[in-house]
Amino acid sequence: MTEHSLWRFSRALHRAINDRHFEDIETLIDEDVEWALYGPIDMFPFLGARQGKDAVLDVIRQLADNFQVRRFDRESIMLGVDSAASMVRYSLTALDSNKPISLRVAQFAQFRAGKLVSLRVLIDTFDLVEQALGRAIHLPKMSSVG
């Protein structure tokens, strides 16, 4: 049995972010890849949707410029022949402040011939924004209509 494309992609992505070793990740991304990291774009401009290999590699370089992956734990995972879905908890360090950041994401990936063709990542943005701001966000109380 051959190794699932998700494992190769995950290892290469973490090497690119932590070690700025981009060569391996470049070979695992399709030229026409669709990529979307859903989160607060105003605070983190590298989030959002991108189309094409060059745009995705630019996002990965921006991630490497801003964060180091300290640890990640896969909470759950489902693998298909050319697809994968997972819930992952990441422990990152913001490089500009050396501040720890913990976040939880849901990832949905599709591969073709071993290359990433689509990635969708949903980020627990409320917790991320509180950590980035360094304070709790107090929302107005919801009243019940009765």
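Read-outs throughout are calculated quantities, based only on the coordinates presented, and are distinct from any laboratory measurement. Only a predicted model underlies this, so the values are computations on that prediction, with no experimental measurement involved. Ideal geometry is used to build each Cβ from the backbone, glycine not excepted, and the neighbour counts take in all protein chains shown.
Take the alpha carbon gyration tensor of the range 1-86, find the square roots of its eigenvalues, order them as a ≥ b ≥ c, and report rounded if a/c is under 1.5; if not, report prolate when a/b exceeds b/c, else oblate.
Working: a/c = 1.38, a/b = 1.35, b/c = 1.03.
Taking the square roots of the gyration eigenvalues as a ≥ b ≥ c, the range 1-86 is rounded.
Count the net charge of all other residues whose Cβ sits under 12 Å from the Cβ of P100, scoring Lys and Arg as +1 and Asp and Glu as -1.
Numbers: positive: R70, R71, K99; negative: none.
Local charge sum for P100: +3.
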Mind checking which of S118, S91, S76 has the largest fluctuation in a GNM of the chain, springs on alpha carbons under 10 Å?
S76
Full-stretch length increase - A106, R89 - with 0.36 nm per residue and alpha-carbon distance subtracted:
5.2 nm
Expressed in nanometres to one decimal, the distance between label points 7 Å along Cα→Cβ at A113 and E75 is 3.7 nm
Take the alpha-carbon centre of the range 32-64, take the same for the range 79-116, and report the distance between them in whole Å.
13 Å
Lysines within cross-link reach of K115: Cα-Cα under 28 Å, excluding same-chain residues under 8 positions apart?
K53
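Could you work out [θ]222 nm for the chain from helices alone, using -39500 (n - 2.57) per DSSP H run of at least four and dividing by all its residues? Round to the nearest 500 deg cm²/dmol.
Working: 4 runs with 43 residues, N = 146.
After summing the helix terms and dividing by the residues of the chain, the value is -9000 deg cm²/dmol.
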